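The structure appears below as structure tokens.
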Amino acid sequence: MTDCKSCGMNYDKKEYDLCPYCGEVPEDEVEISKEDARGKQPKKAEPELPGEAKTTGNLFKFIIIGLAAFVVVAAAIYALFFLGNSAVTVPGKYATIQEAIDAAEDGEEIVVDVGVYRENIDFNGKNIILRSTDPDDPDVVGDTIIDGGGSGTVVSFRSGEGEGAVLSGFTVTRGSGVLISGGSSPVIEKCIIENNTAEFGAGIAIFDSSPIIRGNLIIGNSGFLGGGIFIEESSPLVEGNTIIRNRAEMGSGMVIISDSSPIVVDNRIADNVAARLGGGIVVAVNSSPTIKGNIVTGNIADRNGGGMLIEESDPIVEGNTFSRNRAANGGALFIVNSINTALLITGNSINDNLASIAGGGLYMEGSSPTIEDNNFKDNLSEYLGGGAAVYNSSPVFRRNTFEGNEAMGPEGGGAVWVSADSILELSVPDDNNYLLNIPDDIYLEQ
């Protein structure tokens with residue numbers, strides 16, 4: 001046996017050309033171990049490749065590190081599921097939403113866990129984000145509820161909050177909905193606003209403000225003016241919302257009034273019921289909104305304007321679908337006392353609407369709108385003007401298609417009925433298209 005001069009270990013030189021422990025090349029002399037000198041059989045070392053001991057040590061270190069990582073992950077999982085999600089502000093850090101708002105600074109985010117929060121909250125001028133744990137999950141939104149308990153406004157923005165103030169992913173219910181006033185411009189998005197009651201704007205009421213109302217479901221609210229949304233002296237963006245099954249005396253889906261100029265785009269306004277006027281939308285008192293790309297369907301007004309009523313205003317109504325709406329006059333659209341020629345009805349599909357008296361698709365009185373590039377199809381009036389009825393007005397009709405409209409009264413006007421005190425302006429030659437209207441295309445009263 002040979003003692004290695006480098007590491008001190010002994011090994012059989014006949015079996016190994018170099019030290020199996022450290023790899024050192026041995027000297028020429030052959031030395032006898034102490035065990036050989038005593039006449040004992042030396043213990044043969046097990047063969048070990050150079051570097052094997054080092055590899056074993058590394059493996060041991062990897063095992064220790066892996067166990068430590070497992071312990072850390074397990075602790076994190078335990079904290080998440082048994083101690084609560086640390087990202088949740090309410091009720092994790094504060095018992096109520098209002099407490100969290102009062103403690104927050106501008107730019108902070110408050111995250112509210114699933115649950116019912118029976119309170120009425122006010123942003124108090126703070127530009128903070130208030131959201132549920134997942135505003136994109138309908139189940140989370142439906143189960144994260146701010147319940148006003150029938151005692152006034154559920155959520156208020158009335159202190160000049162800006163676009164940095166965000167309400168996202170809640171159900172707002174059992175109060176008078178959301179109030180936005182005082183020059184505020186918050187963002188209301190991905191919420192369910194339901195079963196609220198108020199005189200003006202049971203779902204959302206907007207006064208002198210410019211908020212963004214985007215991607216909400218506004219359903220089952222009830223008021224006097226504006227069951228779903230009420231807009232006065234304001235210029236909000238109302239985009240991509242579903243506004244359904246709301247009730248009001250006037251404007252059960254939406255009211256736009258008093259010098260307002262909102263942009264209303266890509267909404268679904270459906271199955272709303274007005275006891276008097278404007279089943280879907282009312283636009284009144286010198287307002288000039290842009291109403292574009294909306295689906296206005298299945299709305300009812302007991303008197304005038306099943307889909308929309310326009311009074312003393314000059315909106316741009318472009319690229320919308322008005323279908324299956326009904327009223328006594330103006331199944332889809334009713335225009336009155338709007339003499340500004342800026343009032344433009346263009347590129348709309350006006351189909352399958354019903355008037356029990358006049359104007360299955362459109363009724364106008366004392367007005368001078370431009371009606372161009374629309375498709376009036378399969379509208380029905382039980383008396384006059386299947387497609388349109390014109391009273392004491394001076395409209396311009398250009399490049400419209402009237403197809404399959406019907407007036408059931410004796411004076412007819414399957415496509416258009418025109419009173420004796422009206423002036424209907426048509427291109428020469430007439431560039432409107434008339435197909436299969438009953439009993440006729442245009443009836444001019446004598």
With the condition kept exactly as written, say whether any residue in segment 336-343 is in contact with a Pro (Cβ under 7 Å, 6 or more places away or on another chain), of a type outside the set (S, T, N, Q) and either closer than 18 Å to P315 by Cβ or not assigned by TED's automatic domain parsing to the domain that holds N320 (or both). yes
For segment 285-350, list the strands (runs of 3 or more DSSP E) that sit wholly inside it and hold at least 2 residues that are on the phi < 0 side of the Ramachandran plot, under 25 Å from the mean Cα position of the chain (by Cα) and in contact (Cβ under 8 Å) with a residue 12 or more places away in the chain; which are they? 290-292, 295-297, 316-318, 321-323
Which numbered condition trips up I423, out of (1) within 20 Å of I335 (Cα to Cα); (2) part of a loop (DSSP other than H, G, I, E, B); (3) in contact with an Asp or Glu (Cβ under 9 Å, 6 or more places away or on another chain)? (3)
What number of residues within segment 357-396 are part of a strand (DSSP E or B) and surrounded by fewer than 24 Cβ atoms within 10 Å (Cβ to Cβ)? 9
I'd like to check which strands (runs of 3 or more DSSP E) are fully inside segment 157-267 and have at least 3 residues that are over 16 Å from G279 (Cβ atoms). 166-168, 171-173, 178-180, 187-189, 192-194, 197-200, 204-207, 212-214, 237-239
Can you name every residue in segment 305-356 that is out of contact with any Ser or Thr (no Cβ under 9 Å at 6 or more places or on another chain) and surrounded by fewer than 19 Cβ atoms within 10 Å (Cβ to Cβ)? G347
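Yes or no, residue by residue, for (1) at pLDDT below 95; (2) more than 20 Å from N127 (Cα to Cα); (3) exposed (fewer than 12 other Cβ atoms within 10 Å of the Cβ); (4) touching a Phe, Trp or Tyr at 6+ places or on another chain (Cβ under 7 Å):
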{"site": "F60", "(1), (2), (3), (4)": "yes, yes, yes, no"}
{"site": "I63", "(1), (2), (3), (4)": "yes, yes, yes, no"}
{"site": "V72", "(1), (2), (3), (4)": "yes, yes, yes, no"}
{"site": "G84", "(1), (2), (3), (4)": "yes, yes, no, no"}
{"site": "A103", "(1), (2), (3), (4)": "no, no, no, yes"}
{"site": "I110", "(1), (2), (3), (4)": "no, no, no, no"}
{"site": "V114", "(1), (2), (3), (4)": "no, yes, no, no"}
Please count how many residues of segment 98-146 are in contact with a Gly (Cβ under 8 Å, 6 or more places away or on another chain), within 17 Å of G177 (Cβ to Cβ) and assigned to a strand (DSSP E or B). 3
Pairs under 9 Å by beta carbon, first residue closer than 21 Å to N195 by Cα in segment 233-251, partner among the hydroxyl-bearing types (S, T, Y) and part of a strand (DSSP E or B), six or more apart or different chains? N246/S222; R247/S222; A248/S222
Could you identify the single residue in E372, E411, E365 that is touching a Lys or Arg at 6+ places or on another chain (Cβ under 6 Å) and acidic (D, E)? E372
In segment 381-415, how many residues are over 11 Å from I357 (Cβ atoms) and hydroxyl-bearing (S, T, Y)? 4
Are any residues in segment 153-185 within 13 Å of I218 (Cβ to Cβ) and surrounded by fewer than 18 Cβ atoms within 10 Å (Cβ to Cβ), and if so, which ones? none
Taking segment 123-146 as the region of interest, how many residues are without any contact (Cβ under 8 Å) to a residue 24 or more places away in the chain and buried (at least 17 other Cβ atoms within 10 Å of the Cβ)? 0
Within segment 245-276, can you find the residues that are among the acidic types (D, E) and over 17 Å from F207 (Cβ atoms)? E249, D266, D271
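The values are calculated or read from the model by the stated rules, or taken from the named source; none is laboratory data. Owing to the predicted nature of the structure, the values given are computational and were not obtained by experimental measurement. In this analysis, Cβ positions are derived from the backbone assuming ideal geometry, glycine residues included, and neighbour counts consider all displayed protein chains.
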